[in-house]
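The values are calculated or read from the model by the stated rules, or taken from the named source; none is laboratory data. Because the structure is a prediction, the values reported are computed rather than measured. Ideal geometry is used to build each Cβ from the backbone, glycine not excepted, and the neighbour counts take in all protein chains shown.
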Amino acid sequence: MTSQPTGVGRQWAEQLLPQIKADYSLPQLKHRPAFENRNGVLVCQRCQQVATAQLPDGRHYCRQCLVFGRLVEGDHLFYVPAQAVTLNGAKTAKLTWTGQLTDLQTEAAQQICDVIQTQQTHVLTAVTGAGKTEMLFPGIALAMQNGQRVCIAAPRIDVCLELYPRIQAAFEHQTIMLLYGGQTAPYQDAALVICTTHQLLNFYQAFDVLIVDEVDAFPFQDNPVLAAGVKKAVRPQSALIYLTATPTKAIQQAVQAGAMTTSELPLRYHGYLLPEPNCRPLRGWQQQLSRHRLPKRFLQDCRRCLVQQRLLIFVPRVADLQPVQQVLTAWLPDVALLTVHAQDPDRLAKVAAFRAESVQVLITTTIMERGVTFQNVGVLVLGADHRIFKTATLVQIAGRAGRQKAHPDNPVYFYYQDYTLAIQRACRQIRHQNQKGRRLKCDV
């Protein structure tokens with residue numbers, strides 16, 4: 001019979017306690033007030049937001065983190081302290097990855113190790129396809145061999161599902177817990193956790209090392225609830241590492257203020273530069289799409305690109321997916337096409353089919369903008385001037401192309417009616433990173 005998990009480092013709302021006691025062994029269960037009175041206002045101690053909502057009896061409750069169990073004025077948060085349990089296997093963690101880091105990756109990896117040892121807050125800015133995940137391996141191994149608990153968190157489920165098999169392969173003998181909303185696997189104590197940033201709200205002072213990937217991505221960016229979850233999930237003495245290809249203004253300001261250290265890698269692991277977008281005006285494409293047509297220029301680009309690679313086509317709205325698929329199916333009758341979006345019930349299966357190369361074209365929304373790697377794909381953005389395509393989004397989308405050494409020059413096309421500031425800034429940022437990359441190649 002499998003022993004119950006202890007729940008070490010986890011926290012729960014008081015109303016969930018009966019079920020939690022049935023599922024966990026809970027050594028040294030402790031509690032603290034769910035709210036703190038600060039200058040006459042109640043602040044939730046799980047998400048650090050002011051509780052303004054009231055029940056009919058006048059008691060306040062927190063709406064911001066309601067999905068994790070309602071917290072009402074007078075309630076407590078229950079938790080198992082991190083020091084209550086020693087997790088088995090951490091100190092014997094062995095890195096089984098047999099790949100080789102480049103000299104530049106090794107330098108960045110060493111900086112991460114230094115941050116872990118000195119328990120600092122740090123941001124690694126690296127271009128898409130730089131190999132950020134592999135650069136984490138030495139630091140993760142170092143932390144666990146020192147008996148520390150490590151968490152890698154990302155804003156989106158797709159990113160976590162992409163990370164999990166790669167981390168599992170790198171630490172074959174290590175128990176790794178994958179956490180995201182809607183999962184069915186039972187919880188188990190683990191020294192290495194991969195989770196969405198939402199799941200961090202279920203932890204309290206649990207991790208010695210917390211790595212937040214894609215920190216500029218929705219829904220993490222500018223989300224005070226998720227930011228509070230990060231702060232509360234780490235132990236008082238810990239290392240906090242942010243990873244990004246497009247640092248936010250808040251991160252840039254924190255670096256300038258000396259609140260966090262920084263390192264940068266403007267070159268991909270294979271040594272090639274980022275594919276620079278081809279910007280193409282495309283007038284009236286939405287009107288044509290309403291008549292079940294698309295501009296011939298776009299269709300010809302699709303056909304030409306498919307000669308040498310598969311295609312990842314981004315559209316601004318879910319409503320655009322089926323009409324674009326219908327037009328492309330008529331234009332390319334022998335090509336296998338799929339559409340996918342965030343609420344698609346077959347989303348994971350479709351992404352797996354595209355990754356397995358059984359599908360030649362995947363038409364998608366911004367859900368595929370980051371955190372996923374596909375072999376030999378060109379990228380086309382239809383309606384790149386739509387407000388959904390912000391600067392960071394376009395940079396990330398362009399970064400899906402050229403990620404393999406065998407195919408470093410996959411094309412990227414931005415199609416637009418208006419040449420927006422977001423498009424201009426994205427192209428400028430990619431060119432700027434390539435300038436840094438060229439200088440770096442000359443210095444190596």
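Counting only strands (runs of 3 or more DSSP E) that fall entirely inside region 151-262 and contain at least 2 residues that are farther than 26 Å from residue 349 by Cβ, the qualifying elements are 207-212, 234-244.
Which one is surrounded by the fewest Cβ atoms within 10 Å (Cβ to Cβ), of the residues in region 59-86 that are of a type in the set (A, V, I, L, M) and in contact with a helix residue (DSSP H, G or I) (Cβ under 9 Å, 6 or more places away or on another chain)? Lay out the reasoning, then the answer.
As a first pass, look at region 59-86 and keep what is of a type in the set (A, V, I, L, M): 66-67, 71-72, 77, 80, 82, 84-85.
Cutting the leftovers down to in contact with a helix residue (DSSP H, G or I) (Cβ under 9 Å, 6 or more places away or on another chain) gives us 67, 71-72, 77.
Details: 67: 10, 71: 28, 72: 19, 77: 20.
By that ranking, first place goes to 67.
For region 316-337, does any single residue satisfy the condition of being β-branched (Val, Ile, Thr), assigned to a strand (DSSP E or B), in contact (Cβ under 8 Å) with a residue 12 or more places away in the chain and in contact with a strand residue (DSSP E or B) (Cβ under 8 Å, 6 or more places away or on another chain)? No: region 316-337 contains no residue that is β-branched (Val, Ile, Thr), assigned to a strand (DSSP E or B), in contact (Cβ under 8 Å) with a residue 12 or more places away in the chain and in contact with a strand residue (DSSP E or B) (Cβ under 8 Å, 6 or more places away or on another chain).
Apart from one condition, residue 352 fits all of (1) under 20 Å from the mean Cα position of the chain (by Cα); (2) crowded, with 16+ Cβ neighbours inside 10 Å; (3) part of a helix (DSSP H, G or I); (4) not charged (D, E, K, R); the exception is (2). For region 214-222, the count of residues that are on the phi > 0 side of the Ramachandran plot and not small (Gly, Ala, Ser) is at least one. On the stretch given as region 355-370, residues that are of a type outside the set (D, E, K, R), crowded, with 22+ Cβ neighbours inside 10 Å and outside any helix (DSSP H, G or I) total 4. Taking the criterion of being buried (at least 20 other Cβ atoms within 10 Å of the Cβ) and either in a loop (DSSP other than H, G, I, E, B) or not small (Gly, Ala, Ser) (or both), the residues of region 373-384 that qualify are 374, 377, 379, 380, 381, 382, 383, 384.
To keep it simple, each residue is scored yes or no on (1) surrounded by 22 or more Cβ atoms within 10 Å (Cβ to Cβ); (2) within 30 Å of residue 100 (Cβ to Cβ).
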residue	(1), (2)
172	no, yes
188	no, no
200	yes, no
213	yes, yes
218	no, no
223	no, no
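Do we have residue 26 as over 15 Å from residue 85 (Cβ atoms) and either modelled with pLDDT under 95 or in a strand (DSSP E or B) (or both) here? Taking the combined requirement at face value, the residue does not satisfy it. What do you reckon, is residue 33 over 31 Å from the mean Cα position of the chain (by Cα) and under 25 Å from residue 226 (Cβ atoms)? The answer is yes for residue 33.
State whether the residues of region 115-123 include one that is surrounded by fewer than 19 Cβ atoms within 10 Å (Cβ to Cβ) and in a helix (DSSP H, G or I). Yes, region 115-123 has at least one match.
Every residue, every condition in (1) charged (D, E, K, R); (2) modelled with pLDDT under 95; (3) surrounded by 15 or more Cβ atoms within 10 Å (Cβ to Cβ), yes or no:
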{"residue": "4", "(1), (2), (3)": "no, yes, yes"}
{"residue": "9", "(1), (2), (3)": "no, no, yes"}
{"residue": "15", "(1), (2), (3)": "no, yes, no"}
{"residue": "31", "(1), (2), (3)": "no, no, no"}
{"residue": "34", "(1), (2), (3)": "no, no, yes"}
{"residue": "43", "(1), (2), (3)": "no, no, yes"}
{"residue": "47", "(1), (2), (3)": "no, no, yes"}
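For residue 257, the conditions (1) closer than 27 Å to residue 437 by Cα; (2) touching a residue at least 12 places away in the same chain (Cβ under 8 Å) are fulfilled apart from (2). Taking the listed residues 254, 227, 206, the one that is closer than 21 Å to residue 132 by Cβ, more than 16 Å from the chain's Cα centre (by Cα) and either modelled with pLDDT of 95 or more or surrounded by fewer than 24 Cβ atoms within 10 Å (Cβ to Cβ) (or both) is 254, with no other qualifying.
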